[in-house]
Structures are given as C-alpha cells and as structure tokens.
Amino acid sequence: MAAAAMTGREETAPVADRLSLSHVSKSFYGSEVLHDVTVGFRPGEIHALVGENGAGKSTVGKIAGGFYDATKGEILYEGRPVGAWNPVRALEAGVTVMHQELQVVSALTVAQNVFLGIENMRLGLLRNDEADRIAEIQSICGFDLDPNARAGSLSIADQQKIEIMRALARNAQVIVLDEPTSSLTYDEIERLHATMKRLRGDGRTLIYVTHFLDHVLEVSDRVTVLREGSLIRTSDASGETKASLIGAMLGGGEQEIVYPELPPAPAAEVAPLLDVRGLKTATGVVSADLTIRPGEIVGLLGLVGSGRSEIARAIFGADQALSGEVRLNGRDYADRSPEASVRRGIAFVPEDRRGQGLVLSSPTRANITMASLPAFLKGGVIRRRKELENVRSRIAEFSITPSDIDGDIRNYSGGNQQKVLLAKWVTIEPSLVILDEPSRGVDIGARRRIHDFVVEQAARGEGVLLISSELEEVLGLAHRAYLVHEGRTLREVVPAETSMEEVLRTLFQVDAQADGPSAASS
C-alpha cells in the first residue's frame, strides 16, 4: 500500500529535518540507556517511536523536549545546534512534550491547567479569560470538558485530555506525544488522530510515542524502532506491518501477539470464590452482579467511564459501598477495606500504578515486600536475609530491569514499574487477584509477561478479575466476562464465542435497550 493511501496524504519530496538528534547517548547513574542514536523529525509529519519499555522511546522524546540532557551527541533545530537545551528553551523554540505520566495540578481547574505558565496578563494582572480561550481548543479536539472543573476530580481519561489541550495551547511546531491514547476510548482516539492529522497538515511535527502498533500504522508517516537503547531502523510506515514492527522490537522475525493458553475453566457447580450481588456505591456503581470461581479469569468489558474500575475498587474496599452483598469463600464480607482485603488474600493492581500502586520514594525492595511485611518480621524486627531472598527471587521471576534490589523505581520504565507491582502482590500469595488496566503503557515484552502472570494465577487455583480498555485483551484472556455500562453489569458473555464487534455493538447500542440490566448469570 502506498504511503498516500496509508496516511491520506499526497507524497512529497523529502524535506530537511526540523528537529534532529545526532549521535545522542544518555546515561543514568553511570548506566547508558541510549546508545549513539541519530534520528530526524521533519515538518509536516507524524513520526512514531516504537519499542519495548526500556528501549529508549520516552528518553528520546524527553531529550527532544529538553527534559533530559544528552550525555553525548547534539540536538539540532532547523539544522543548527541548540547548545544548552531545557524545557524553557525548547518551548521558546516551539517544542513541547505531553508526558506519559500525567502532569496536571489537581487543585487547579481544567482551563487553569491548560494555560498554566502562559496566562494572559494586562498591566501585571491576570485577565482570567482561560475559560473563553479553551473553547476554541476544545472545538479542535472534539472534547467537552467543563473549563471550571477541578482537575483532581476528573477521571484519568479526562486528565489525559487536559494534557492534549495543554500542548495545543502552546502552538508548538514540534509536539512530543508520549502514550497519549492509553486512557482514551475508541471514539476519543479517533478524534485525537484527526487532530494530529490537522496539525500535520498545518506543517507541525508530531513525535508519537506509543505501544499501540495499530495506531502507528493508521496515522504515522515514518516510524523509528528502538531496541535496548539502540536505533534499529527508521522507515516509511507504509512499508511496515504490525508483525514486522514486533519482530524488529524483539529482535526476531515477524511476530504477532499470541495470548497464552488458558487453563480449563472451573465447572459451573464449583462454589464461587467471590460472589457479588446488587453492589452500589456513591462513585457510580449502580448495580453490579458477578461471580468468580477458583482458577477462573473473569473480565469486565466496558468503555472508559462505564464503572469497571469503581466495581473493582468497591470489591477491594477502596471505595465504600452503599448497598449490596459481597461474599468471599462463601462468607459475608461486609467490613471491606484495603487492609482487610490484603489480610484475606485479595491483591489489587490499580490502573494508576504510580499514584496508587507504588511508593516512588522507596526502592524496589520496599515496594515488593510492603504488602507482606508481617511475613518477614520476627519479634518486631525485619529478617533481612529472608526479605532479600524473596526480593531477589521476585526480580528474577519477573525479569525486572534494573535488577538492583534497592533500585530507584522512579527511573524505571513503565513496564518494569508494573512488574514491581505484580511482584508485590505475588508475595502475599493471594487467592483473588484484581487487575485494573495491567497492560496500560507497557511494551510488547512486558505485556507478554503480564499475560503469562494472569494465566499462572488461574492455573494455581486463584481467581482473577481482569479489567482492560483493550477489549481484545479481555477476550483473549478471560474464561467469562460481564458487559458493564453506566455502573451496571448488563449480561455475561463467553469471550471464546464472542467477537469484539459484537461487544462494541452491544455497548454502544445499550441506551436503546430497556433501562434495567438483565440478570447476570453465575
């Protein structure tokens, strides 16, 4: 397929790079994570960066945006070396970064976040016209956020929209988008891609860091593959396939994502490990009914904002229930709280790993053992040898990189941070594992390890509740799944017998159905 057919643009002669990295290397604490990378980004193109977590994609983006200094090599803007390069100088030159980890200020409004640092002033005073200025940007994006809403009260998906609008508000000529679609719905992703194409048509340069290879092939003009900090190749997206990109990322031939084989589903007559009836919360759960048997992987299928995460949080005890019944191992579990759930063998991997799952100020060792610390105590004193043996074992089990037991996880890639979080919960030897967006923002290699983890837990007889915005992931891993819409479990489906098109059709057309949910079978 020609490049014009792939991207909807007419082919043009090659043009000079607007921004480029020349023989750039980057080291952290004496360890080189980027090796002699040379790559250029042209005006009027969407240039994707792909690779596993730790491959160097985000590092390249942050060097381009001035957030990291290059240890070696130089950065050129419109063919001229930039010299000292930092976020302020980059922004002055027209380069901005939309970070993977959200950078919103919770206490400020949507509009204040979007225009933070570029507020309109008159005679030294704020004009306070942010709400009016944001209307034009929202119309470009197709978003509809309340400009006066506090950012901290919004979902992750809506906070992601703030990041997108913040980049557009600065009228940058080079925009680095680091995993911008990880929390967006299909419709919102299409709107973002349409916005990206419009910006490209205006001559802007977009550097698109993403793990979603379908998105790369849909909108990108060129794609650069990185592996273990080295540049593998830069090529026209029209000449690539999903399989060829995965092969280049992993160092082999063309490969496709293959889900691991599931253990046999437990028989219907097996007593439930978890039984939820009529669950309702103040956070948006209206009526949730579901069961999970030992050794069973059960998914929740729904669009962003459907109430999937709220159901999981209520089961774990992070959100208080207003009514309904939760039974664990046949016994009423009414006094739910995170502490009580951990004692009862429930593990919870939240969608926001940095904000809710990990303690970034603590090293790898402490993060892995914090949920199971009583197991390492004797007379109130931590048995260090036992703790270190466990941590080393978990690091090896999940192939966590770096393998330093006291590593600074703030500088770990998203995939390795997620592995630390999984290692933390394996250590409590749970009977029920709740996974909310376990693969969000991680690479192909880490994703495969996470998928293996899900199947391993079920094979050990544990129950698994799986939530993912990637419907294919739930359909590929779950024995059963419940469709969720507006805080209700609608009905149960068997993923092996259900297509993604059928799921989407049901979820998008549910408003035309009867108001009440159909009974979820057990």
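Bear in mind that the values in this text are calculations on the coordinates, not laboratory data. Please read these numbers as outputs of a predicted model, since none were measured by experiment. Cβ atoms come from the backbone with ideal geometry, glycine included; neighbour counts cover every protein chain shown.
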**Report entry** In order through region 161-176: 3J(HN,Hα) via Karplus (6.51 cos²θ - 1.76 cosθ + 1.60), integer Hz, x for Gly, Pro
**Finding:** 5, 4, 4, 4, 5, 4, 5, 5, 5, 8, 6, 5, 8, 10, 10, 8
Query raised in the report: Which whole-Hz ³J(HN,Hα) couplings does region 290-297 yield from phi under the Karplus relation 6.51 cos²θ - 1.76 cosθ + 1.60, θ = phi - 60°, glycine and proline marked x?
Result: 6, 10, 9, 9, x, x, 10, 9
Query raised in the report: Measuring from label point to label point, each 7 Å out along Cα→Cβ, what is the E389 to R80 span in nm?
Result: 6.4 nm
**Report entry** Placed amide H near S287: partners under 5 Å, 5+ positions off or other chain
**Finding:** R488, T489
Query raised in the report: Percent antiparallel among DSSP beta bridges with both residues in the chain, to the nearest 5?
Result: 55 percent
Query raised in the report: Sequence-distant or interchain residues sharing an amide H contact under 5 Å with L273, placed H: which?
Result: I292, R293
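Viscosity 1.567 mPa s, temperature 4 °C: give me the Stokes-Einstein translational D for region 143-300 in µm²/s, with Rh taken as the Kirkwood radius over C-alpha pairs.
Values: Rh = 19.6 Å.
Calculated translational D: 66 µm²/s.
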Query - Distant-in-sequence amide H partners of H485 (H built 1.01 Å from N, under 5 Å) - result: L490
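So, counting K/R as plus one and D/E as minus one, what does the shell of residues with Cβ under 13 Å around L116 add up to?
Details: positive: R133, R166, R170; negative: E119, E130, E163.
Neighbourhood net charge equals 0.
Averaging over every viewing direction, what projected area does the convex hull of the Cα atoms of the chain cover, in nm²?
Numbers: hull surface 107.0 nm².
Mean orientational projected area (the chain, Cα hull): 26.8 nm².
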